[in-house]
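Computed from the coordinates by the stated procedures, all read-outs in this text should not be read as laboratory data. If you're wondering where the values come from, they're calculated on a predicted model, not measured in any experiment. We place every Cβ from the backbone using ideal geometry, glycine too, and count neighbours over all the protein chains shown.
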Amino acid sequence: MGLIKIFSGSEILALALKEKIEAVGVDVVLKDNIQSGRLAGFGTSDQAVELFIQQNSYSKVHAVIEAFRISI
């Protein structure tokens with residue numbers, strides 16, 4: 001299976017959600033477009049950090065993601 005994007009937003013929110021997902025035993029891939037843009041010499045938008053998980057892990061973390069979205 002492939003990766004699916006579960007979040008894009010600020011770095012602070014992305015790290016908070018990443019921590020909650022990893023607490024239930026699912027690995028998270030974080031793509032930080034802020035650092036990529038900084039290294040390349042251009043700015044980025046507010047939706048610059050993305051989180052991805054394996055597609056077959058989505059059922060494990062769906063409730064965690066929804067609870068997080070409601071809380072923000």
Theoretical gain in end-to-end length, residue 70 to residue 11 [0.36 nm per residue, Cα-Cα removed] | 19.4 nm
Identify the residues of segment 57-71 with backbone N under 13 Å of a label point that sits 7 angstrom from the Cα of residue 24 along the Cα-to-Cβ direction, or state none.
-> 57-70
